[in-house]
Amino acid sequence: MKTEIIAVGTELLLGQITNTNARYLSEKLAERGIDVYWHTVVGDNPQRVAETFSIALNRADLIIFSGGLGPTMDDLTKETVADVLGLTLEKDEAWEKELEEIFARLERKMTDNNYKQALIPSGARLLINNHGTAPGIWLEHGGKIVVLLPGPPRELMPMFTDQVLQLLPKKNGVILSRVLKITGIGESAMEERIADLLANQTNPTIAPLAKHAEVHLRLTAKAVTRGEALNLLDTTELSVLKRLGEVVFARDEETMADKLASLLVKRNMTIAVAESCTGGLLAHLLTNVSGSSTYFLQGQVVYSNRSKTELLGVPSELIEKHGAVSEEVARSMAENLRIRSHSDLAVAITGVAGPTGGTAEKPVGLVFMAIATAEGIFCSKFNFIGNRETIKERAAMAALNMLRLYLLKVNSFKLC
């Protein structure tokens with residue numbers, strides 16, 4: 001069964017809201033083994049909605065609309081669908097009465113345009129909206145299934161889960177996906193390491209996706225049962241891990257901060273951070289994990305040279321000799337913070353986030369990091385590219401990864 005999801009709303013095209021409905025519907029359909037081939041977004045224009053629907057009718061078996069079912073003049077999805085299919089709109093007496101009762105309970109006047117929400121195409125089935133006034137519609141016509149759902153997610157999601165899923169044909173199979181998260185290498189380097197898997201993929205399929213400070217690999221398996229699909233994903237994941245090793249740091253919704261949190265808790269260790277160019281972003285990521293108070297002691301944003309000296313005790317002579325962006329200053333920041341905070345680990349970041357402030361010797365994107373530990377101080381130098389925000393994100397991610405690798409006893413940086 002080929003499926004097309006059509007989101008109706010000019011606000012989507014203008015970027016004013018994100019099309020979260022398409023993601024939700026695709027995930028739920030995949031769980032039922034139903035293939036989604038197309039996502040389409042169209043504005044609140046009846047001619048363009050009609051053209052989009054006509055294209056979908058020629059290529060899809062199941063067409064799901066979201067949006068355009070409200071009472072206003074630009075809500076024309078239902079009317080356009082009926083027009084394309086040559087159907088008349090008929091009043092659903094029960095829903096009209098329900099609407100009148102809803103407005104009475106709210107002590108609001110029901111205007112004339114609200115009554116159009118009780119009209120449905122002839123031969124269609126009304127889907128009850130328990131969270132709004134726009135009902136959904138289930139329509140089977142000419143061998144096609146057409147579903148119309150309201151746009152607000154709080155209305156669409158329960159309607160789809162509670163009603164539409166029960167009406168969809170039972171499929172003999174499931175589609176499951178798993179995302180592996182990678183850092184420390186770029187998309188090209190990652191692809192080179194798994195080239196054989198990418199070249200020979202059948203089921204599961206493997207799709208790379210580059211992010212700001214990460215690379216994601218999406219594994220997708222189709223099978224008769226959920227257990228069989230999970231086994232396929234497990235086998236492929238093991239093949240990927242053999243080639244990529246520790247650069248894979250998490251899967252699915254787990255973040256780098258989540259992974260680091262579990263390692264710190266497992267080892268009963270505490271941490272403090274000192275940040276210059278990242279401006280507190282590292283502390284934010286660490287404390288964004290519930291329960292972080294068990295391991296996170298403090299964070300210092302030491303942006304100026306004076307603050308590095310007064311708050312952390314970095315010698316002013318050291319800054320004058322090597323500059324604030326240097327391995328020596330990063331080392332001193334981490335070492336002094338660990339002593340003052342009484343933490344097991346202290347990490348320091350200093351660099352040039354740009355777009356100004358770079359020189360030939362110390363260009364924009366140059367970042368030094370240091371981790372002070374009971375074993376000594378580990379240092380690393382990075383050269384990031386991108387705008388100011390991207391450099392800050394990549395630096396914070398690199399610091400988290402540096403901490404992760406230290407806790408995993410992976411020797412990827414030097415004692416300094």
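Just so it is clear, none of the values below were taken in a lab; they were calculated from the coordinates. Keep in mind it's a predicted model, so treat the numbers as computed, not measured. Quick reminder, even Gly has a Cβ in these numbers, built from the backbone with ideal geometry, and neighbours come from all protein chains shown.
What to note about this one:
- DSSP-assigned coil residues among trypsin sites (Lys or Arg not before Pro) in the range 127-230, each with at most 11 further Cβ atoms within 10 Å: Lys170
- Cysteines without a disulfide-compatible neighbour (Cβ-Cβ under 4.7 Å), the chain: Cys277
- Segment Thr356-Glu320, extension gain: residue separation times 0.36 nm, minus the distance between their alpha carbons: 11.0 nm
- Using alpha-carbon coordinates, inclination of helix 93-105 to the longest axis of the chain, degrees: 50 degrees
- Furthest towards positive pole of dipole, Val146, Ile128, Ile17, structure part the chain, Cβ charges: Ile17
- Low-density loop positions, GluC sites (Glu not before Pro), the range 220-262 - DSSP coil, at most 10 other Cβ in 10 Å: Glu253
- Inter-part distance where the range 312-344 and the range 104-158 are each reduced to a Cα centre, Å: 64 Å
- Tilt relative to the chain, helix 327-341 - C-alpha long axis, 0 to 90 degrees, to 10: 80 degrees
- Per-residue [θ]222 nm for the chain (sum of -39500 (n - 2.57) over DSSP H runs n ≥ 4, rounded to 500): -11500 deg cm²/dmol
- Of all aspartates and glutamates in the structure, the ones whose alpha carbon falls short of 12 Å from that of Lys181, not counting any fewer than 8 places away in one chain, are Glu214, Glu237, Glu246, Asp252, Glu253, Glu254.
- Shape box of the range 174-251 [Cα atoms, principal axes, largest first, Å]: 36, 22, 18
- Relative contact order computed over the chain (Cα-Cα under 8 Å; 6+ residues apart), in percent: 10 percent
- Residue list for the range 47-82, given a label point 7 angstrom along the Cα-to-Cβ vector of Glu11 and an amide N cut-off under 17 Å: 66-77
- Of the residues Ala261, Ala195, Ala399, the one that moves most in a GNM of the chain with alpha-carbon contacts below 10 Å is Ala195.
- Charging the Cβ of each Asp and Glu at -1 and of each Lys and Arg at +1, and nothing else, the dipole of the range 256-415 about its Cα centre rounds to 320 debye.
- Look at the dipole of the chain built from charges on Cβ: of Met1, Ile63, Val367, the Cα furthest out on the positive end belongs to Val367.
- Each of Leu230, Ser177, Met190 was scored by the projection of its Cα onto the charge dipole of the range 142-271, and the greatest displacement toward the positive side belongs to Leu230; charges sit on the C-beta of Lys, Arg, Asp and Glu.
- Estimated inter-spin distance, Asn387 and Ala210, nm [label 7 Å along Cα→Cβ]: 1.7 nm
- Order of Arg340, Arg108 - criterion: other Cβ atoms within 10 Å of each residue's Cβ, fewest first: Arg108, Arg340
- Within the range 131-201, the proportion of C-alpha pairs whose separation exceeds 21 Å stands at 56%.
- Averaging the Cα positions of each part gives two centres, and for the range 206-266 and the range 1-40 these lie 24 Å apart.
- Among Ala82, Ala199, Ala257, the largest mean-square fluctuation in a Gaussian network model of the chain, built with springs joining Cα atoms closer than 10 Å, belongs to Ala199.
- Using only side-chain charges placed at the Cβ, +1 for Lys and Arg and -1 for Asp and Glu, the dipole size of the range 2-167 relative to its Cα centre rounds to 280 debye.
- Cα gyration tensor of the chain - equivalent ellipsoid semi-axes, whole Å, descending: 54, 26, 19
- Between the beta carbons of Leu238 and Arg125, assuming R0 = 56 Å, the FRET efficiency works out to 0.75 to the nearest 0.05.
- Sparsely packed loop sites in the range 353-416 (the trypsin sites (Lys or Arg not before Pro) outside DSSP H, G, I, E and B with at most 14 other Cβ atoms within 10 Å) comprise Lys409.
- Using alpha-carbon coordinates, inclination of helix 226-244 to the longest axis of the chain, degrees: 30 degrees
- For the chain, size of Cβ-based charge dipole, Lys and Arg +1, Asp and Glu -1, in debye: 1280 debye
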